[in-house]
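Where a number appears in this text, it was derived from the coordinates with a stated rule and is not lab data. Computed from a predicted structure; not experimentally measured.
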Amino acid sequence: MRTEVTHVVYTRAGSGRRRVFLDGVEQAAGDIDGDFSNWDPTCRLGLANELTGGRAWLGELYLVAIYSRRLSEEEVGRNFEAGYAAAPTESVSSTFR
């Protein structure tokens with residue numbers, strides 16, 4: 001377990017190639033089948049806890065970004081080097097439909 005701020009990135013290419021980066025360094029890679037052709041647009045995305053709030057998560061999210069394409073290794077590195085903004089001062093909850 002790490003207690004310091006950690007930059008975590010998961011990418012997935014259209015080909016199914018997935019990669020995981022911690023602090024700008026690739027930690028894992030592999031291929032995964034599937035696509036979003038049967039995605040239910042009413043499905044919600046939950047981060048750091050169940051949507052019901054039933055599983056406490058002791059941590060803070062400083063920035064969450066979701067892209068419509070995979071990031072290159074260079075882009076992941078630039079984002080890591082850019083760092084994060086000051087600690088959040090309020091909770092933000094968004095719903096996208």
Legend entry - With eigenvalues of the C-alpha gyration tensor scaled by 5 and rooted, the chain, Å: 23, 21, 13
Inset, instruction - Quick one: among Ser15, Ser72, Ser37, which has the greatest mean-square fluctuation in a GNM of the chain with alpha-carbon springs under 10 angstrom? - result: Ser37
Legend entry - Per-residue ³J(HN,Hα) for region 62-79, Karplus 6.51 cos²θ - 1.76 cosθ + 1.60, θ = phi - 60°, Hz, x for Gly and Pro: 8, 7, 10, 10, 10, 10, 8, 8, 6, 8, 6, 4, 5, 5, 4, x, 5, 5
Inset, instruction - Using only alpha carbon pairs under 8 Å that are at least six residues apart, calculate the relative contact order of the chain and give it in whole percent. - result: 25 percent
Legend entry - Prolate/oblate/rounded label for region 2-58 (Cα gyration tensor, a/c 1.5): oblate
Legend entry - Structure-based [θ]222 nm, the chain - -39500 (n - 2.57) summed over DSSP H runs of at least 4, per residue, nearest 500: -3000 deg cm²/dmol
